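A short worksheet on the structure shown next.
The values are calculated or read from the model by the stated rules, or taken from the named source; none is laboratory data. Being a predicted model, the structure only gives us computed values, none of them experimental. Cβ placement follows ideal geometry from the backbone for every residue including glycine, while neighbour counts extend to all protein chains displayed. Only protein heavy atoms, including side chains, enter the accessible area calculation; ligands, DNA and RNA are left aside. Shrake-Rupley method; radii C 1.70, N 1.55, O 1.52, S 1.80 Å.
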Amino acid sequence: PEPYLLQAWAAHSQAVVGQWTMGRSGGEARQVRWQQREEFRKLLQSIRGFPAALPVLPLELTVLYNFLLCTVGASDSAIKGEAEGIRQGLLRVLEACGACGQDLGMEELWQKVLQEATMAELQAPLHRLAALQAAWWLAAGRLGSVACLFQHLTAAEDPGRAPCREGQNRILSMIKAWQVPPEEASLSLVQSINHLKEILCTSAAFLQGLQELNAGNFPTAISLLREAAGGFCSNEVLAQIYTCLGWCAQRMHNPQTALQYMKRALQKDFQCVSALSYAAAVYHELGETDVELQALTLLYETLRRNPPAAAPSSPYLLMRTELLIQTPVLTCLLHRQHPSEVKYILAQRCLKDGRVDDAVDHYLDLLSLLQQSLQQQVPLHGSSGLPRIPELLLEAACALEQAGRYQDAISMCEEVIRRTTHFTPRAALGEESSLPGAEPTPGHLSQKKESLCCLAWRAAGYLHQGWAWAKLGERKEAVTQFSRCLNDLLCLQLPGPGVTATEILEPEVEQPQKMRLLAFIGRGMQFLEMQRYKEALMNFQYGLQISPGDPAATCYLVQALWKLNRNQEAAAEWKKLSQSSPGHDGQQQGQGRLLPLHLVWCVEQARFPHAEALARSINYYLGAAAQDPS
């Protein structure tokens with residue numbers, strides 16, 4: 001092109017760069033960036049209407065640099081498709097140098113361009129474009145490509161450097177060793193190359209730190225994340241870095257250090273709710289329940305008050321660190337909980353800690369929250385941290401029972417029963433739709449599993465109602481509910497066509513055998529109170545068939561035998577129990593698996609409360625028998 005045309009293009013580029021964005025809001029600034037992008041696009045098309053020429057290439061590559069940055073700034077994302085623009089720019093450089101590289105990959109293309117284009121006036125534009133290329137590769141997680149690119153850049157500056165070796169540990173040192181070319185006064189830039197270098201350093205350190213964190217190499221991860229924390233980034237990104245540092249410290253069993261990092265994260269950005277969530281988890285590990293509950297309450301209020309918002313944009317910086325670090329690892333670490341999940345954790349913590357009134361309030365609030373958006377069909381396994389609705393209702397009933405609100409607990413269990421009545425025992429066993437000899441399909445197994453879970457939940461509802469009626473002194477009603485529980489649980493023990501209940505039910509979700517034992521003990525206790533000792537004895541014997549040697553069932557069995565004046569049998573059972581579990585107190589023993597929270601209270605209710613008095617009676621009887629053999 002003619003010299004006057006080149007001057008006009010340069011003047012036009014200067015004018016576009018000079019468009020004012022300072023002091024504008026995010027939306028207005030983004031609109032200006034779109035306008036700038038269009039102006040640069042048109043200018044680039046005009047320049048590329050001529051064959052590639054060395055005198056024009058510095059201006060062309062600078063316009064391309066500004067165009068790509070305005071595209072990023074207008075969209076607030078590192079658009080991978082725009083990297084094709086860099087490729088076209090590099091091919092134009094090779095064309096001006098009389099070479100070609102159409103068939104080369106990007107890494108090989110960069111190596112060839114840096115070898116061919118040795119003219120001094122091209123070094124600054126090429127280095128700026130290389131910095132953008134590195135940014136896109138960082139966003140794509142191609143750290144190895146970034147390392148090789150900077151190896152080529154530094155080798156072009158200092159040919160005596162060693163060639164690029166495998167490995168990513170040298171990325172930071174190579175970026176720092178890269179000599180940023182001086183900016184030319186005649187070619188204005190929409191973002192300083194010095195800023196871009198700082199962003200690359202920070203992003204590379206952060207991304208490598210996340211890689212090491214994900215691999216479990218926490219000391220290395222902490223070193224890299226600390227490097228990132230000292231870099232060029234916004235307060236939001238700095239809060240994320242501190243959160244990751246705190247997470248690493250927690251995994252390294254340094255809770256106090258973890259808390260310090262979480263506090264720093266919140267000081268930088270109070271909306272970094274993941275830091276507050278992790279802080280609550282650390283307080284839980286330390287056993288500081290009061291502080292943990294305060295943190296969870298604050299977390300819940302923050303989540304309710306501030307719904308998730310889009311990442312803030314900056315009218316001053318187009319390429320930013322937050323655009324390059326969006327990885328699945330970071331997304332997982334910074335997962336934003338739903339307010340209902342936090343409310344559920346609060347409810348559970350209070351219930352486990354014996355703060356039953358607070359637990360009741362939290363469970364009722366949670367159910368009210370869920371009721372607002374409750375669907376008719378709740379998925380079997382949701383993506384949230386909440387259990388199924390029937391399990392929530394059972395835990396709420398458990399809290400109401402512990403608070404002495406037995407009628408409310410009965411009503412809550414009635415809701416569980418109502419929600420699960422449409423699943424009949426025959427449907428749960430698959431007898432209504434299965435053909436003889438047919439193999440069960442995955443969909444059929446899923447439906448059968450749903451039916452069995454509902455049957456187990458309904459049985460648990462009857463179990464809790466039995467204990468609640470017992471607390472109200474309604475012995476006959478309690479016996480009825482315990483019997484209903486046992487009837488439902490009996491269906492879970494029967495084999496269905498093709499597959500059994502035990503093969504379908506997840507052990508950590510339901511404990512049918514434990515519920516059967518608790519129901520037999522509960523029904524036997526009511527018969528004891530009603531002085532129907534033979535029926536009580538029979539129930540305790542059934543319980544021991546399910547769980548041989550269970551301390552609570554054995555203690556009640558001994559008491560029933562004692563009430564029936566079968567003292568010798570009672571003493572023999574007592575001696576057998578004493579030898580098998582010395583120092584027992586009638587407490588229910590676990591089965592090697594964690595029980596659902598709502599069953600833990602039932603276990604406590606089945607505890608034998610008169611172990612010491614019974615022991616004295618038995619020992620007195622044994623002592624008397626030893627003195628008088630007749």
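When the surface is traced with a 1.4 Å probe over the full set of protein chains, Lys575 keeps roughly 100 Å² accessible. Among Met538, Met412, the sequence by solvent-accessible area, most first, with a 1.4 Å probe is Met538, Met412. These residues, Trp469, Trp457, Trp601, go from largest to smallest accessible area, 1.4 Å probe, as Trp469, Trp601, Trp457. Taking a sphere under 14 Å around the Cβ of Leu196 and counting the other residues whose Cβ falls inside, with K and R at +1 and D and E at -1, yields a net charge of +2. Here the spin labels are modelled as points 7 Å beyond Cα on the Cα-Cβ line, and at Gln260 and Asn619 they lie 5.5 nm apart.
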